[in-house]
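Contents: one structure, followed by commentary.
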Amino acid sequence: MQNKINKFFTKYEFILPIIIFIFFLGVSLPGVQWGAPALWNPDELVWRVSSALRGELIFDETEPDWNYPSLPKYVMYAIGWLVFKAGFSEFAFIVSARVFSAVLGALSGVLIYYLARHINLNKRFSFLAGIFYVVSGIVAENARYAHNDLYLQLFAILCVFFAIKYQRTEKITWLYYSFFSVGLAASSKYTGGSLILLPVCVFIFLQWHEIRAGWVYVIKTLFLGGLISFLGYSLGTPKAFLSPIYYFSSVIPALRNYPQYGFNSGSPIGLIGQWAVFEDAVGIFSYWLFIVSFAWVLTRFVLWKLLPTQQKLANTQLTGVLLLAIIIFDLPFLISINYIPRYFIPFIPFLTILAALFISEVFQFMRRNNFRFANFFISLVLGIGIFYSVLRLVSIFFVVYE
């Protein structure tokens, strides 16, 4: 029976990411219309775009602040223009923008599957990474809001995906795609700009032994990569290119205010306070699975770098990109007091892949040592944990939309 299933999915592997896509939409779309045409706080971008479409403010010009880059707003503006041209109401526009956000989350689930495959996880564990992504809850819970977090997540995954493609092939085109994705991520949410460190570090790591002899090539490549990132940012936020002095003189003060939000709230800095918030966001099962998996993969990676004789984890070098992406996103949190649950969304795709990698390695260890009972026990624990996470996800929706 198992052989027949394996043969089926070997022939029709595309079904697995489609299942992840449908599963995500199945848990994120119910209740997507709740409250419309009134808005939740995460729907603030829809309010700005809707106000512009009604002529109450000038689109991307006379908004009350500069807290958001423009790419998600342009997408929502296009959705709103089409909806209103078709004769539908603001209710339909808000729901359409929310549905599009959910679709982006579902597409991210598909990318997670293929990203896991690119670090040589088999179909079963790549699919498991997609399941972890959905049942962790925080992404599906927020995908029904028309906000920029799902845009940032999508382009962050693409940035990592292209960086890993560059590692595997050493074709410079993939590196430039990664830089371009950084620009799109930053144009979705300012924190996406920190991802510029990822393609830079990957490139320097691969060129480390050539830097002294080929430093001109390294500088030229990084300079061109920076320009490509700015091109990606300008594509989503044209004002950055058309009026750079005016734009950045307005944006920089907004960026300075970001870590000060809630400064007098009494919240500890993220180094201390983020853990409880993260656990509340993803649930106790996903929280400990992610923490243990990250610690395990990080330890294996460090040992591989320090001890050449250490047994090499499958594509250890590639997992370093996932670790780096998580660390890059977490660095601002360590010193900030502004860390609400949905801010952890960009972490989730990479943590789910590390979790699937960890589980895969545990099963391989058990198989090598003929611990059959342990295999059954681990499968049981995973099944209970996933079932608990699904119940938790459903309960959240019932509480919110009751």
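Could you tell me which of rounded, prolate or oblate describes the chain, using a ≥ b ≥ c as the square roots of the eigenvalues of the alpha-carbon gyration tensor, with rounded for a/c under 1.5 and, failing that, prolate when a/b is larger than b/c and oblate otherwise?
Because a/c hits 1.5 or more and a/b fails to exceed b/c, the chain counts as oblate.
Rounded, prolate or oblate: which one fits region 67-216, using the alpha carbon gyration tensor with axes a ≥ b ≥ c (rounded when a/c is under 1.5, else prolate when a/b beats b/c, else oblate)?
Verdict is oblate for region 67-216.
Select from region 1-86 those GluC sites (Glu not before Pro) which occupy a DSSP coil region and have at most 12 other Cβ atoms within 10 Å, ordered by residue number.
Loop-located and lightly packed - E56, E61.
Using Cα pairs under 8 angstrom and six or more residues apart, how large is the relative contact order of the chain, in percent?
Relative contact order comes out at 20 percent.
For the chain, which longest stretch is free of loop sites, where a loop site is one of the trypsin sites (Lys or Arg not before Pro) that DSSP puts outside H, G, I, E and B and that has at most 11 other Cβ atoms within 10 Å?
213-402
Of V277, V95, L298, whose Cα points farthest to the positive end of the dipole of the chain (charges on the beta-carbon: +1 Lys, Arg; -1 Asp, Glu; origin at the Cα centre)?
Comparing the listed Cα positions along the dipole, L298 ranks first.
May I ask you to sort M366, M76 by Cβ crowding, counting other Cβ atoms within 10 Å and putting the fewest first?
Result, fewest neighbours first: M366, M76.
Residue by residue through region 50-67, which ³J(HN,Hα) values in whole Hz follow from phi under the Karplus form 6.51 cos²θ - 1.76 cosθ + 1.60 (θ = phi - 60°), with glycine and proline marked x?
4, 5, 5, 5, 7, x, 7, 8, 8, 4, 6, 9, 10, 6, x, 7, 10, 6
Give me the percent relative contact order of region 75-169, please, defined on Cα pairs under 8 angstrom at least 6 residues apart.
Answer for region 75-169 is 33 percent.
Which value, in debye to the nearest 20, gives the size of the charge dipole of region 59-152 about its Cα centre, when Lys and Arg are +1 and Asp and Glu are -1 at the Cβ?
680 debye
Need one number for region 44-143: average projected area of the convex hull over its C-alpha atoms, nm².
7.9 nm²
Tabulate in residue order the Karplus-calculated ³J(HN,Hα) for region 338-355, using 6.51 cos²θ - 1.76 cosθ + 1.60 with θ = phi - 60°, rounded to whole Hz; enter x for Gly and Pro.
Computed from phi, the couplings for region 338-355 are 10, 9, 7, x, 5, 5, 7, 3, x, 6, 4, x, 6, 5, 5, 5, 4, 5 Hz.
Let's see if you can work this out: charge +1 on each Lys and Arg Cβ, -1 on each Asp and Glu Cβ, no other charges. What is the dipole magnitude of region 165-242 about its Cα centre, in debye to the nearest 20?
100 debye
Compare the Cα positions of A186, I119, A163 along the charge dipole of region 116-189 (+1 at Cβ of Lys, Arg; -1 at Cβ of Asp, Glu; about the Cα centre) and return the one farthest towards the positive end.
Most positive-ward Cα: I119.
What's the local net charge at V160, with K and R +1, D and E -1, over the other residues with C-beta under 14 Å away?
That works out to +3.
So if I place +1 on the C-beta of Lys and Arg and -1 on the C-beta of Asp and Glu, and nothing else carries charge, what would the dipole magnitude of the chain be about its Cα centre? I want it in debye, nearest 20.
Using Cβ point charges on Lys, Arg, Asp and Glu, the chain gives about 1620 debye.
Given contacts defined as C-alpha pairs under 8 Å and at least six residues apart, what's the relative contact order of region 124-229, whole-number percent?
Relative contact order for region 124-229 comes out at 25 percent.
What lysines does K165 reach when the alpha-carbon gap must be under 19 Å and sequence neighbours fewer than 8 apart in one chain are set aside?
Reachable lysines: K123.
Dipole of the chain (Lys/Arg Cβ +1, Asp/Glu Cβ -1, origin at the Cα centre): which of L206, L235, G31 lies farthest to the positive side?
Result: L206, furthest along the dipole toward the positive end.
Bear in mind these aren't lab numbers, they're just calculated from the coordinates by the rules spelled out. Since the model is a prediction, treat every value here as computed from it, not as a measurement. Neighbour counts run over all protein chains shown; Cβ positions are idealised from the backbone, glycine included.
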